[in-house]
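Below: one structure, written as structure tokens.
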Amino acid sequence: MRIGILALQGAFAEHSAMLSSLGVRPCLVRTPQGLAGLDGLIMPGGESTSMRRLAGHSGLLEPLREFGMSRPVWGVCAGLILLAARVEGEEPFTGLMDMTVARNAYGRQRDSFVAELQVSGLPGGFFAGVFIRAPRVVEAGPGVEVLAHSGGAPAALRQGRLLATAFHPELTKDDRMHRYFLNLCGSREALPESL
Amino acid sequence: MNQETSEKELLNTGLARMFKGGVIMDVVNPEQARIAEEAGACAVMALERVPADIRADGGVARMSDPGMIRGIMAAVSIPVMAKCRIGHFVEARILEAVGADFIDESEVLTPADEQFHIDKRDFRTPFVCGCRNLGEALRRIAEGAAMIRTKGEAGTGDVVEAVRHARTVQDGIRMARHMPREELVSFAREIGAPLELVLQVRELGRLPVVNFAAGGIATPADAALMMQLGMDGVFVGSGIFKSGDPARRARAIVQAVTHFDDAQTLARISENLGEAMSGVAARSLGADQQLAGRGW
């Protein structure tokens, strides 16, 4: 299995290390050509405006959108913003996942927090959700399954082959969310559900 | 370590990880902050004067007006950093109260304490600190810094000191990695760093926190050079808004940090950027004009 990590800016090395520890060789993606032959893609945390500008300069927007229409993509924090169909106060980026997102809605760094999450579909109890200047999902469309809530807002969501988390599993030692995504990338049954 | 402390550490070193592969730009007003954000900066440093002007003006350089910092926080959605003087824990408390996302305990400002740095573990807000070598980096981390940067020589537009400091830190890391175990205690004492952090560096093969380049970076090539030397990202102080075409240069430096090992792309983005900041050779500075010597 070949899993790509969008490596324009942000915490891509952390996902890379997590995938390597699970026996998957990660491919860093910085150009449209980098998407060729991938079975799935992680869009990591970082600054969403930085990533949007860099993706624009590299001609990555359309290729990313096309990729996400046929293959699994996992957006983490800033990556979740890049997936959203609606972003309050700004144009959406790929618009792939039917949800509305408010950036920095939890506040500034002093309001960042760790919360125990019950994630449906994950075996083995609570998951430590690390929320850093996190986006808040204010509305999820009917085709979107909410896998976890935090403080009343969806924190993990799935729409067919697309996965989004407002928190950062790559900053923990818990690899269950990464295993969950790899299952999505490897499984055939995920295919018909997608749009 | 209790749970609250370890959560705080996770959140603060975690925010620094989100900056990686990015550019943090000095800005002195909301308009510049918006230009930086639009260019793709991953954060801005709000301050009243860029280092080149601090250098030119002389006198005592202090924390910026909190109102000015608030103005910049209101203007952009990316994280906002601000500087306090070395050892000035009250300035740091004020920046924390203002809601700055990160505090730079910075040698660019005039030190308030010539003996002690701030006890950064005592704050909720993360800190970044400058260093010239491994020992200095680990002392700051021991005090609670969530992120490290090279000191370089701020406000010069001369990258030579940033290169020196990056290489010196790397050299220290290589020594810690490869020396026989029995030499580590003496090594830790020699460089003035806690043994447990030296052991951590030995195991990780790098600093335990994010490490950016700073001090003298003025061109996309400078930024890419620092990335190729193993830095996690880049601060650009005077280099952008003291140049001929700040928006264009800012955009180019952001791209250079992402595509740092692609010479074709670097060539393309380095074209027609207009004038770089004029600069002053770091070597020509007298000892009293060198900022990197502040702090220990």
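The values are calculated or read from the model by the stated rules, or taken from the named source; none is laboratory data. Model, not experiment: these values are computed from the prediction. Every residue, glycine as well, gets a Cβ built from its backbone with ideal geometry; the counts of neighbours run over all protein chains shown. In case anyone asks, the SASA skips ligands and DNA or RNA and just uses the protein heavy atoms, side chains included. Shrake-Rupley method; radii C 1.70, N 1.55, O 1.52, S 1.80 Å.
Structure notes:
- Stokes-Einstein D in µm²/s, Kirkwood radius over Cα pairs - region A:73-159 at 25 °C with 0.890 mPa s viscosity: 187 µm²/s
- Debye log10 I(q)/I(0) for chain A, one point scatterer per Cα, at q = 0.11, 0.17 Å⁻¹: -0.42, -1.11
- Rounded Å value of the spacing that divides the Cα centres of region B:180-233 and region B:241-296: 22 Å
- GNM flexibility winner over chain B from B:Arg206, B:Arg283, B:Arg17 (Cα, springs under 10 Å): B:Arg283
- Annotation: average projected area of the protein assembly as shown is 22.3 square nanometres, based on the convex hull of Cα atoms across all directions.
- Sequence-separation-based contact order of region A:3-190, relative, with Cα cut under 8 Å and 6+ spacing, percent: 18 percent
- Expected-Rg normalisation [2.2 N^0.38 Å, Cα atoms] applied to region B:96-248: 1.08
- Relative contact order, percent, chain B [alpha-carbon distance under 8 Å, six or more residues apart]: 19 percent
- Note on B:Ala97 and B:Ala247: with the Förster distance fixed at 41 Å, the Cβ-Cβ geometry gives a FRET efficiency of about 0.80.
- Stretchable slack from B:Arg124 to B:Asn272, in nm (0.36 nm times residue separation minus alpha-carbon distance): 48.9 nm
- Inter-label distance for A:Met1 and A:Gln33, nm, one decimal - labels placed 7 Å from Cα along Cα-to-Cβ: 2.7 nm
- Long-range Cα-Cα pairs in region B:9-98 (distance over 19 Å), rounded percent: 44 percent
- Residue-span extension gain [B:Ser6 to B:Arg177] - 0.36 nm each, minus C-alpha spacing: 59.0 nm
- For chain B, alpha-carbon Rg relative to the globular expectation (2.2 N^0.38 Å, N residues): 0.95
- Label-point gap, in nm, between B:Gln289 and A:Glu145 - each point 7 angstrom along Cα→Cβ: 6.6 nm
- Computed with a 1.4 angstrom probe on protein heavy atoms, the B-A interface buries about 2800 square angstrom of accessible area in total.
- Modelled spin-label separation between A:Glu91 and A:Ser21, with each label point placed 7 Å from Cα along the Cα-to-Cβ direction: 3.9 nm.
- Convex hull projection area averaged over all views, region B:139-201, Cα basis, nm²: 4.7 nm²
- Partner lysines for B:Lys8 [C-alpha distance under 24 Å; skip if fewer than 8 residues away on the same chain]: A:Lys173, B:Lys20, B:Lys83, B:Lys120
- For the pair B:Ala263 and B:Val160, the difference between a 0.36 nm per residue extended length and the Cα-Cα distance amounts to 35.0 nm.
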